[in-house]
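The values are calculated or read from the model by the stated rules, or taken from the named source; none is laboratory data. Note that the coordinates shown come from a computational prediction; the quantities given were computed from them, not determined experimentally. Every residue, glycine among them, receives a Cβ derived from its backbone with ideal geometry; neighbour counts consider all protein chains shown. For accessibility, only protein heavy atoms count, side chains too; no ligands or nucleic acids. Shrake-Rupley method; radii C 1.70, N 1.55, O 1.52, S 1.80 Å.
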2 protein chains.
Amino acid sequence: MKIGYSPYEQALTGWAAIVGEENVVTEAPLLCAAQTGTFASSHRIPAIVRPCDRQEVQECLRIANRFDTPVYPISSGRNWGYGSRMPPADGCVLLDLGRMNRIVDFSESLAYVTVEPGVTQAQLFAFLDERGSKLWMDATGASPQCSLIGNTMERGFGHTPYGDHFAHVCGLEVVLPTGETVETGFGRFPSAKAAPVYNWGVGPALDGLFSQSNYGVVTRMTVWLMPRPEYFQAYYFRCEEAHGLQGTIDALRPLRLDGTIRSASHIANDYKVVSALRQYPWLETGGRTPLHGAVMAQLRNELKIGAWNGSGALYGTKRQVAEARRLLRKALHGKAQRLQFLDDRKLRLASLFATPYRWISGWDLQRTLAVLKPVYGLMKGIPTGHPLASTYWRKTAAPPASMDPDRDGCGLLWCSPIAPNDGAAAEQLTELVCARVLAHGFEPAISLTMISGRALACIISLTYDRDIAGEDERAMACYRQLVRVLADHGYHSYRLAVGMMSAMGEPGPYMDLLDGIKNAIDPRGILAPGRYVADTRETRASAAAASGR
Amino acid sequence: MKIGYSPYEQALTGWAAIVGEENVVTEAPLLCAAQTGTFASSHRIPAIVRPCDRQEVQECLRIANRFDTPVYPISSGRNWGYGSRMPPADGCVLLDLGRMNRIVDFSESLAYVTVEPGVTQAQLFAFLDERGSKLWMDATGASPQCSLIGNTMERGFGHTPYGDHFAHVCGLEVVLPTGETVETGFGRFPSAKAAPVYNWGVGPALDGLFSQSNYGVVTRMTVWLMPRPEYFQAYYFRCEEAHGLQGTIDALRPLRLDGTIRSASHIANDYKVVSALRQYPWLETGGRTPLHGAVMAQLRNELKIGAWNGSGALYGTKRQVAEARRLLRKALHGKAQRLQFLDDRKLRLASLFATPYRWISGWDLQRTLAVLKPVYGLMKGIPTGHPLASTYWRKTAAPPASMDPDRDGCGLLWCSPIAPNDGAAAEQLTELVCARVLAHGFEPAISLTMISGRALACIISLTYDRDIAGEDERAMACYRQLVRVLADHGYHSYRLAVGMMSAMGEPGPYMDLLDGIKNAIDPRGILAPGRYVADTRETRASAAAASGR
């Protein structure tokens, strides 16, 4: 590391003095890797700084201010499909919080755990497991190495009753851009007993400010955990035909609204399921893309999947689950097909007897289990790397043992509009998506997650091969059109990819309010410029740079 | 109304031009009434302005800015026990939003309603009833005339599964102090379909900012409603001895955490129940206060109540409720006494046969029903004026037919610390309260509400007679000591009374952050100065004025 005299170089020297030279990364290959996500970005990362505790974060931000050098914090950097580690503006130093990976508090009886940004899903799972805890965490399908704080601050979701991550946390410790630290909720009072158990605190509730924003660096968070139920049973169903979706959604809504179904129901289309089970059928299609028509029908048949494929789970005592099962059966009768239930015992038996079962019945139970099993664990809050394989969908080589979509040139863009939990809306939305995406030459892999009784989160995965010339541009063009068309129809994304922040909205009082708060909190604009902000100068400049204008 | 030349008079003229002269109130008796709450305040209200729609609110705030005249918005002004209509600073013009009482949107299938600030609990109840809706609202016990928005912005709570009001709303329309309007969540996008059903929107989530703050005037809000369950059954139990509380809380916690109990359990001490059922036993005590010892024991016996008295409800299908009942019975066995269940059928029968039943059994069922019935309705979201009667506890005359605690000199201060949902904490907290309050000569009427699996909201009612000289001062001294002592032990209030804003906290980065946001949003400080702000100049000045210094 050179010591020089430009403000940036002075900042580097300052950071090195705080975090140690070994934690200031300037080696080109490492920076290049950090600049690489699952879609194109031209934003350069001049350095990576890795503080080990909150005090170091504070000092790092003070130096960023002193030398006017913007920083972009990442926790685990696995913001797959939305930008990985890539900053939304050019020239940001990465503030990598991965070393801050302590679990600092835990209560079995009040069911919470307090974590730092580097704590991953896998780490929390192991922590609970080692203690023989009777608490379950919620997990996203992103990756076991995904940060809890990172995902929560993006307002990600999982599959258990605690699936709405941001609704199940409290007590944020936040380092403000100026280097001051605040705690949200009651945590700001020394020894407040309710700090980890009550979210609102007293006075304005600030937690929301620090999600999807560039207002502060969250260095600690309390996550609420779910008591392990006496009994767990997953359910699966299909709609053989695409138009079955509407009735199915409308049938499930009352059960989700009245609490019979306590967790998200997840409904994936054929494309989504196929891409989770195998790579692109290059052989069957003769190398033609996109996949549709007869080949798709054949794959559906072969893999025993429907146009829409539902899953979800029931949690409670044996009797609570039995009653929920009865209500679910009744609701889906005549709406969805092949409703099946699966519990630990049945899964064990099925795994044991899959081969003999196939001999007898001719039904490939193993293949069915391959479809059902990864989702099964997720519904119990068990992190899995399985969904990562789908990012290799359009690759011609098989996924490696150690998957890394960023490194391996896997193209992935996630578009995530929210719709009312209403069958007609779901049908309109998914039809809009299918038409657009196929027209651009990609597969419309869609999942609909009933994140509440009232709302559906639709995730559209645009998966492509970055190693094919022009695909980055074609995929981004498709993505941009998709976001725009959906917004025109009233379906706005709950989360934005780096490069898509323009979807934050038009100038006006709302954006002025966000800017006003930003200026009050971060007068020099050093924290994550361009993140969830549509029209700052930084974003415009960086967008101009990115598009090569 | 005189037209003069002081900025204040110019503001008055401006407001009259907007809302009409008839909606600018300056008559002394009306102002005097508005300045009067259930405890002492010396803050003067120079005028009341009553806009009829959002545009008028915008214009009113622009005028307030132009002429540097602070305003304090109220919805229904029934912030009983925390300040009624009284502003937290001297000289604020009341911005009375009561005329804005439209229900502007409603969906039976997605279970929500969109309301203006003047919409009361009674109004929403009637609205749903008239339509034969199968949706239930949540209600607080405050009063049928209480505003939904007013209560929600104070983060009040009720008794159904939707009891945490602020957690069950979205889509705020907010007029900022400068007169600009913003909508939170997806509402800021024209025709966003998920605006009334998804709370976070995209980008920083701002809803929390507008609760317990002086950052904006909420002029519209979407309230989520609960599907009426197939079956409803209330439960009641007692702890005969005070020390039974600890085990009862610890027995209920797992059921609340795992979703078997979906709504708040409410546990009230003897004082709380007695004051809900009758006035102070002046005769039996020979006029001595506070009530305790033998007379209290006799009242407990006579009214058939325990040291602690629990209530709650089960919601679901018949079978779901049956299973919850089984689990509740098992959990409370040996912990609490006299667990009883009550449903509509049993209540109807009991009401019919109360008198003959008394002849036969000698048990005064009518009296038991008097205890159980008002809470029963609340657990179904039926607003009730019944709890208001308890504000007349220390009065010697009976409550009038039309109760108005502000007008009638009823003294009431609510202190509302949050504790972890843990038996030992509940016991420590309530012991601290009882000792302090009795020592000051008042009765420690306490309720504990299990607002979530992890947190207890403790409400302490200091009820007194404002017509007795010196009582205002004595009650306030008791209240201040209580808040301080509880905070010293780690129990902080979720909500603050006007005059108690110092409990917001000491100067430091957190308060600086709140101030910074305030200055960005309301540079002239015209909106609700002193509200949930501990140390602004306005509050200090007004506190000085209030204490007569």
Original post:
For the range A:275-297, does any single residue satisfy the condition of being touching a helix residue (DSSP H, G or I) at 6+ places or on another chain (Cβ under 6 Å), surrounded by fewer than 23 Cβ atoms within 10 Å (Cβ to Cβ) and basic (Lys, Arg)?
Top reply: no
Original post:
For the range B:86-128, what are the residues that are within 14 Å of chain A (Cβ to nearest Cβ), charged (D, E, K, R) and in a strand (DSSP E or B)?
Top reply: B:105
Subject >> Total residues in the range A:298-331, condition more than 17 Å from residue A:393 (Cβ to Cβ), buried (at least 21 other Cβ atoms within 10 Å of the Cβ) and under 30 Å from the mean Cα position of the chain (by Cα) >> reply: 12
Subject >> residue B:217 among the hydrophobic types (A, V, I, L, M, F, W, C), open to solvent by 10 Å² or more (accessible area, probe 1.4 Å) and within 25 Å of residue B:148 (Cα to Cα) >> reply: no
Original post:
Out of (1) more than 12 Å from chain A (Cβ to nearest Cβ); (2) under 20 Å from residue B:414 (Cβ atoms); (3) open to solvent by less than 20 Å² (accessible area, probe 1.4 Å), the odd one out for residue B:529 is which?
Top reply: (2)
Original post:
Got at least one residue in the range B:476-491 being under 30 Å from residue A:520 (Cβ atoms) and more than 10 Å from chain A (Cβ to nearest Cβ)?
Top reply: yes
Original post:
Do we find a residue being outside any helix (DSSP H, G or I) and among the polar types (S, T, N, Q) anywhere in the range B:293-310?
Top reply: yes
Original post:
What is the number of the single condition among (1) under 25 Å from residue B:323 (Cβ atoms); (2) more than 14 Å from every other protein chain (Cβ to nearest Cβ) that residue B:269 does not meet?
Top reply: (1)
**OP:** Filter the range B:201-229 for residues that are within 7 Å of chain A (Cβ to nearest Cβ) and assigned to a loop (DSSP other than H, G, I, E, B) and give the result.
**Re:** B:202, B:203, B:204, B:205, B:206, B:211, B:212, B:213, B:215, B:229
**OP:** Would you please list the contacts, defined by Cβ atoms under 7 Å and residues six or more apart or on different chains, that run from a residue in the range B:321-336 that is modelled with pLDDT of 95 or more to a residue that is acidic (Asp, Glu)?
**Re:** B:323/A:323
Subject >> Close pairs from the range A:60-82: first under 23 Å from residue A:389 (Cβ atoms) and among the acidic types (Asp, Glu), partner surrounded by 24 or more Cβ atoms within 10 Å (Cβ to Cβ) and at pLDDT 95 or above, Cβ under 6 Å, at least 6 apart >> reply: none
Subject >> Selected residue [in contact with a Lys or Arg (Cβ under 6 Å, 6 or more places away or on another chain), among the hydroxyl-bearing types (Ser, Thr, Tyr) and under 30 Å from residue B:234 (Cβ atoms)] from B:147, B:143, B:107, B:133 >> reply: B:143
Original post:
Hey, does the range A:358-375 have a residue that's surrounded by fewer than 17 Cβ atoms within 10 Å (Cβ to Cβ) and under 28 Å from residue A:483 (Cβ atoms)?
Top reply: no
**OP:** Go through the range A:416-454 residue by residue and tally those that are over 21 Å from residue A:158 (Cβ atoms) and outside any helix (DSSP H, G or I).
**Re:** 7
Original post:
Residue check: is residue A:513 crowded, with 22+ Cβ neighbours inside 10 Å, at the interface with another protein chain (Cβ under 7 Å from one of its Cβ atoms) and part of a helix (DSSP H, G or I)?
Top reply: yes
Subject >> residue A:497 vs. criteria touching a residue at least 60 places away in the same chain (Cβ under 8 Å), away from chain B (no Cβ under 11 Å) and within 20 Å of residue A:291 (Cα to Cα) >> reply: no
Original post:
Yes or no: residue A:24 touching a Lys or Arg at 6+ places or on another chain (Cβ under 8 Å) and either without any contact (Cβ under 8 Å) to a residue 60 or more places away in the chain or surrounded by fewer than 23 Cβ atoms within 10 Å (Cβ to Cβ) (or both)?
Top reply: yes
**OP:** Identify the residue in the range B:481-497 that is open to solvent by less than 10 Å² (accessible area, probe 1.4 Å) and assigned to a loop (DSSP other than H, G, I, E, B) and, among all such residues, is farthest from residue B:531 (Cα to Cα).
**Re:** B:490
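Inside the range B:114-135, can you point out the residues that are of a type outside the set (Val, Ile, Thr) and surrounded by 16 or more Cβ atoms within 10 Å (Cβ to Cβ)?
Passing the criteria: B:116, B:117, B:118, B:121, B:122, B:123, B:124, B:125, B:127, B:128, B:133, B:135.
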**OP:** Specify the residue that is farthest from residue B:466 (Cα to Cα); the eligible residues are those in the range B:378-402 that are buried (at least 21 other Cβ atoms within 10 Å of the Cβ) and touching a Pro at 6+ places or on another chain (Cβ under 6 Å).
**Re:** B:383
Original post:
Taking the condition under 26 Å from the mean Cα position of the chain (by Cα) and either within 10 Å of another protein chain (Cβ to nearest Cβ) or open to solvent by 10 Å² or more (accessible area, probe 1.4 Å) (or both), does residue A:235 pass?
Top reply: no
Original post:
Somewhere in the range A:409-420, is a residue out of contact with any Pro (no Cβ under 9 Å at 6 or more places or on another chain), at pLDDT 90 or above and open to solvent by 40 Å² or more (accessible area, probe 1.4 Å)?
Top reply: yes
Original post:
In the range A:453-466, how many residues are surrounded by fewer than 23 Cβ atoms within 10 Å (Cβ to Cβ) and either within 17 Å of the chain's Cα centre (by Cα) or more than 14 Å from chain B (Cβ to nearest Cβ) (or both)?
Top reply: 3
Subject >> In the range B:20-44, residue nearest to the chain's Cα centre (by Cα) [restricted to those that are within 18 Å of residue B:76 (Cα to Cα) and part of a helix (DSSP H, G or I)] >> reply: B:34
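Being among the basic types (Lys, Arg) and surrounded by fewer than 21 Cβ atoms within 10 Å (Cβ to Cβ) is the filter here; which residues of the range A:80-113 pass it?
A:99, A:102
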Original post:
Would it be correct to say that residue A:249 is open to solvent by less than 30 Å² (accessible area, probe 1.4 Å), closer than 26 Å to residue A:341 by Cα and assigned to a loop (DSSP other than H, G, I, E, B)?
Top reply: no
Original post:
Which residues, taken from the range B:182-200, are open to solvent by less than 30 Å² (accessible area, probe 1.4 Å) and within 9 Å of chain A (Cβ to nearest Cβ)?
Top reply: B:182, B:184, B:186, B:189, B:192, B:194, B:195, B:196, B:197, B:198
Original post:
Has the range A:315-333 got any residue that is within 12 Å of another protein chain (Cβ to nearest Cβ), more than 21 Å from residue A:366 (Cβ to Cβ), part of a strand (DSSP E or B) and of a type outside the set (Lys, Arg)?
Top reply: yes
